[in-house]
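Below is one structure; the comments refer to it alone.
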Amino acid sequence: MKIYNEPIILQSNKPRDVFNITSRVKAAMEKSGFRDGTILVSSLHASSSVIVSDDETGLLEDMEVLLEKLAPVGAGHRQEGISESSAASHLQSLLLNHQVTVPFTESRLDLDPGQFVLFVELDGLRPRRVIVKVIGE
Amino acid sequence: MKIYNEPIILQSNKPRDVFNITSRVKAAMEKSGFRDGTILVSSLHASSSVIVSDDETGLLEDMEVLLEKLAPVGAGHRQEGISESSAASHLQSLLLNHQVTVPFTESRLDLDPGQFVLFVELDGLRPRRVIVKVIGE
Amino acid sequence: MKIYNEPIILQSNKPRDVFNITSRVKAAMEKSGFRDGTILVSSLHASSSVIVSDDETGLLEDMEVLLEKLAPVGAGHRQEGISESSAASHLQSLLLNHQVTVPFTESRLDLDPGQFVLFVELDGLRPRRVIVKVIGE
């Protein structure tokens, strides 16, 4: 068992965005040379998320509507020193989670054809760093 | 440190269902022969979840009511090519998460008596595959 | 690759509370002697959560308001043998998740200055046990 690290840097020019980073996670697995193991994909920011989900446009729009419904911008947020949109994005990030672990076996990611690794930007317009830590053999 | 893989196949004859798979996760740990490590239990489907929770009937009914309240079927879903119930199940799966990591120590799962590994079927009537990847020594 | 275990015991004298356990997770990493790896931090209780989030007071108050809005105490809960507040705390715990995996590299936790490991007590006044399992090299 060994470890291979390869961070991903992302930047959106929109406040809200979704990046499909499946191919970059797969590339990290391939560079590692490991055939079996797990890949931790974890955001370094409290106002973004990493999920495994389908990448269909309508689903992602639905997700946006859901997040706005559950934790809307400006609904009594008490955080000081940050904008109301940032406050909401922190709460939305907690609902989606900031990390996933992607298993792989025989040099293939254990993902269904309808599953992708997505970075969900909830408060963008700044550089973002995602840890990709491959552990395997 | 080594890896032992043993996928679980499940199929419900109901659209919504919950399977307690704790004993199967424990069996995978025992077959691995490892005494200390972690077990990634991860669904290969975007409309199902894996959680650690109590297995009490009332709690699971409450969970069903909560999911229907937060992400109801047919509430403005924009996904094309899939049914409204499937669209809702994708969103509900995001709220519950599709995976857990179960630690184990001295050949015992690190779970409280009130904690079980549950596969939550959100859009059933089809075969489902759950990755069980034991990493340990 | 090796494993180092160090459970954390916590007890709050309030029903709802948040403990910043980042320094204890860091201490476990340091005691392990590993320079690269992951740390599973997992609650052994179905009515508490472990999250990575900012530790700002206003944000934590917002989170409390959000949880009470999404899964309020006493809203038709069907669980028998436990109090209404405990039923709600189980559901709230599912929304937040009961565990995180903290990566570390070159002997430093891979956390942004705005990210902390928080134990979220949702039904306190009792001792709580959190598994801290460091896997690395």
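The values are calculated or read from the model by the stated rules, or taken from the named source; none is laboratory data. Just so it is clear, the structure is predicted and the values come from calculations on it, not from any experiment. Using ideal geometry, Cβ is built from the backbone for each residue, glycine included, and neighbour counts are taken over all protein chains shown. Protein only, heavy atoms only, side chains kept; ligands, DNA and RNA dropped before computing areas. Shrake-Rupley method; radii C 1.70, N 1.55, O 1.52, S 1.80 Å.
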- [ ] Being open to solvent by 20 Å² or more (accessible area, probe 1.4 Å) and more than 9 Å from every other protein chain (Cβ to nearest Cβ) is the filter here, so list the residues in segment C:124-137 that pass it.
- [x] C:Leu125, C:Arg126, C:Pro127
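Residue by residue, here is whether (1) more than 10 Å from every other protein chain (Cβ to nearest Cβ); (2) more than 16 Å from the chain's Cα centre (by Cα); (3) more than 20 Å from B:Ala71 (Cβ to Cβ) holds:
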site	(1), (2), (3)
A:Ser12	yes, no, yes
A:Pro15	yes, no, yes
A:Phe19	yes, no, yes
A:Met29	yes, yes, yes
A:Ala46	no, no, yes
A:Val52	no, no, no
A:Val65	no, yes, no
- [ ] Check C:Leu91 against each of (1) free of Cβ contacts under 8 Å to residues at least 24 places away in the same chain; (2) in contact with a strand residue (DSSP E or B) (Cβ under 8 Å, 6 or more places away or on another chain); (3) more than 12 Å from chain A (Cβ to nearest Cβ) and name the one condition it does not meet.
- [x] (2)
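Which one of these is facing another protein chain (nearest Cβ under 7 Å) and at pLDDT below 95: A:Gly76, A:Gly81, A:Gly37?
Numbers: A:Gly81 fails: facing another protein chain (nearest Cβ under 7 Å); A:Gly37 fails: at pLDDT below 95.
Only one candidate qualifies: A:Gly76.
Residues in segment B:99-108: is at least one at pLDDT 95 or above, within 11 Å of chain C (Cβ to nearest Cβ) and open to solvent by 30 Å² or more (accessible area, probe 1.4 Å)? Explain how you work it out, then say what you get.
Going residue by residue through segment B:99-108, those that are at pLDDT 95 or above are B:99-108.
When the remaining residues are screened for being within 11 Å of chain C (Cβ to nearest Cβ), the result is B:99-106.
Still in the list and also open to solvent by 30 Å² or more (accessible area, probe 1.4 Å): B:105-106.
Yes, there is a match, as at least one residue in segment B:99-108 is at pLDDT 95 or above, within 11 Å of chain C (Cβ to nearest Cβ) and open to solvent by 30 Å² or more (accessible area, probe 1.4 Å).
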Task: Pick from segment B:109-123, criterion of a type in the set (Asp, Glu) and open to solvent by 10 Å² or more (accessible area, probe 1.4 Å), ranking: farthest from B:Ser53 (Cα to Cα) - done: B:Asp123
Task: Where B:Gly74 falls short, out of the listed (1) crowded, with 16+ Cβ neighbours inside 10 Å; (2) of a type outside the set (Ser, Thr, Tyr); (3) touching a helix residue (DSSP H, G or I) at 6+ places or on another chain (Cβ under 7 Å) - done: (1)
Open item on the list: What are the pairs with Cβ atoms under 6 angstrom where one residue, in segment C:48-63, is free of Cβ contacts under 8 Å to residues at least 60 places away in the same chain and the other, located anywhere, is assigned to a helix (DSSP H, G or I) and open to solvent by 10 Å² or more (accessible area, probe 1.4 Å)? Sequence gap at least six, or different chains.
Closed with: C:Leu59/A:His90
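Of all residues in segment C:46-65, which are out of contact with any helix residue (DSSP H, G or I) (no Cβ under 7 Å at 6 or more places or on another chain) and surrounded by fewer than 23 Cβ atoms within 10 Å (Cβ to Cβ)?
C:Asp55, C:Glu56, C:Thr57, C:Gly58, C:Leu60, C:Glu61, C:Glu64, C:Val65
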Open item on the list: With the requirement that a residue be of a type in the set (D, E, K, R), more than 14 Å from the chain's Cα centre (by Cα) and closer than 17 Å to B:Val18 by Cα, what does segment B:114-137 give you?
Closed with: B:Arg126
Task: Residue in segment C:1-45 that is most open to solvent (accessible area, probe 1.4 Å), counting only those that are closer than 22 Å to A:Gly136 by Cβ and touching a Leu at 6+ places or on another chain (Cβ under 9 Å) - done: C:Thr38
TODO: Mind listing whichever residues of segment B:95-113 are in contact (Cβ under 8 Å) with a residue 60 or more places away in the chain and more than 16 Å from the chain's Cα centre (by Cα)?
DONE: B:Phe104, B:Thr105, B:Glu106, B:Ser107, B:Leu109
